[in-house]
Amino acid sequence: MDGKVLGERISQARGDLDVTQEHLANRVGLERTALGRIETGRRKVSAVELVNIAAALDVPLAWFVRDPLPAVVSRRTDAAPAHDVTARMDRQLELFSGDVASLLASDVIIPIMDKPSWRTPSTHSEAERTAHEVRSHLGVDNGPLLGLAAIAERFGLYSCSLALGNGGADGALVEVAEGVAAAVIDGDARPGRRRMSLAHELGHWLFGDPYDLSADDAERRINSFAAYLLAPRPGVTALWNQHLGDSIRDRTIRVSAAFRMSWSAIILHLRNLGLITDDDFRSLNGRTPVFGEFAKLGITLDAEELKAPSLSPGITAAIIGAYVDRRMSAARVVEVLRGGLEAHDLPERRVESAADYASL
């Protein structure tokens, strides 16, 4: 990589974390002036120095040395002001999309060439109809839509959940190639919010907007689509009516747990469905239930879905399969899986054959 470009990336990462040149130089054992020359491209950086800089900035080495995907750099930058995309989120999206591109190039994963698409809904009613059509395409009933990451992969959307601090964007999406997209989800958010984020990014992908460039009105329609996808009207209404003797709050808790949606999303959804009134909504809004309220109703919460760090199951299986087949090293697998598995967690590899030696 060009020294000036590398220096700019170091400077960018340092600025994102509000780290001064002097502080970073001290952490990696460099003179501040030497670091300044590196950042301006006037001094080469050794491999050891770059490894130390990456560790000090908590940035994977690949972010410095890999050529960025043009789509990530340009289109995602355009989207950032409207969607509160943090620099850390975009950096992780660039890294993950680069990994997905690399896995595509090496045939570890293959694109979905017949991905269906729908137009962006213009009304809440259209959002509900579209969600029903997507569920029909998947062949699922009106119950909870579990294993959302695997479902998204059926449309060519691979996802990665990472601990990003729960203070910026909930998710971000970019197209990697025809029929393939990558999404990063903030794994520090609550499980229901993580699911809503991925459903929202799936909406962008299905509606032909793989860079989160929608206007605010379209964003609201995509949110509506995501809610109906996760919790369709017939399923929610049936569960709501099963517990008529419960309080409004307890019935809302049951629906939130069954369909695994965040509290803010489910109360808005119930109001849109006409199952609670505006007064009910105001009473419930901001009063997120504590774990004891679920336990009182005999409900056990599942916090594992989209837990950080993790990749969606299909791409995870493909990566481990490539390792077993001796097409990827253990170190590379651990890196791509973002530490979700360690080297000692990996299965045994295929026994080497004469063909393996011949290929060397």
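The values are calculated or read from the model by the stated rules, or taken from the named source; none is laboratory data. This structure is a prediction, so every number in the text was calculated from the model and none was measured. Note: ideal-geometry Cβ built from the backbone for every residue, glycine included; neighbour counts use all protein chains shown.
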- request: Can you confirm whether segment 122-133 contains a residue that is under 17 Å from the mean Cα position of the chain (by Cα) and touching a residue at least 40 places away in the same chain (Cβ under 8 Å)?
  value: no
- prompt: Could you say which residue among Leu346, Leu306 is under 30 Å from Ala257 (Cβ atoms) and either of a type outside the set (S, T, N, Q) or exposed (fewer than 15 other Cβ atoms within 10 Å of the Cβ) (or both)?
  reply: Leu306
query: In this structure, is Val174 among the aliphatic types (A, V, I, L, M) and over 18 Å from Tyr228 (Cβ atoms)?
result: yes
The lone exception for Arg338 - which of (1) of a type in the set (Lys, Arg); (2) surrounded by 13 or more Cβ atoms within 10 Å (Cβ to Cβ); (3) out of contact with any Gly (no Cβ under 9 Å at 6 or more places or on another chain); (4) on the phi < 0 side of the Ramachandran plot it fails: (4)
field: Where a residue in segment 307-334 is over 20 Å from Ala62 (Cβ atoms) and its partner, wherever it lies, is of a type in the set (Val, Ile, Thr), with Cβ under 8 Å and at least six apart
entry: Gly314/Ile109; Gly321/Val108
query: Just for segment 197-247: of the residues that are charged (D, E, K, R), in a helix (DSSP H, G or I) and over 20 Å from Gly143 (Cα atoms), which one is nearest to the chain's Cα centre (by Cα)?
result: Glu201
- prompt: Given the structure, is Glu133 outside any strand (DSSP E or B) and in the same structural domain as Asp217 (by TED's automatic domain parsing)?
  reply: yes
- line: Out of (1) modelled with pLDDT of 85 or more; (2) buried (at least 18 other Cβ atoms within 10 Å of the Cβ); (3) not in a helix (DSSP H, G or I), the one Leu35 does not meet is (3)
task: Out of Ala182, Ala218, Ala226, Ala189, report the one residue that is in contact (Cβ under 8 Å) with a residue 12 or more places away in the chain, touching a strand residue (DSSP E or B) at 6+ places or on another chain (Cβ under 8 Å) and assigned by TED's automatic domain parsing to the domain that holds Thr123.
output: Ala182
query: Looking at segment 10-17, is at least one residue among the aliphatic types (A, V, I, L, M), touching a residue at least 24 places away in the same chain (Cβ under 8 Å), within 27 Å of Met89 (Cβ to Cβ) and not in a helix (DSSP H, G or I)?
result: yes
- line: Taking segment 279-303 and keeping only residues that are in contact with a Pro (Cβ under 8 Å, 6 or more places away or on another chain) and assigned to a helix (DSSP H, G or I), one is left with none
query: Within the group Arg254, Arg260, which residue is out of contact with any helix residue (DSSP H, G or I) (no Cβ under 6 Å at 6 or more places or on another chain) and either touching a residue at least 12 places away in the same chain (Cβ under 8 Å) or under 23 Å from Ile151 (Cα atoms) (or both)?
result: Arg254
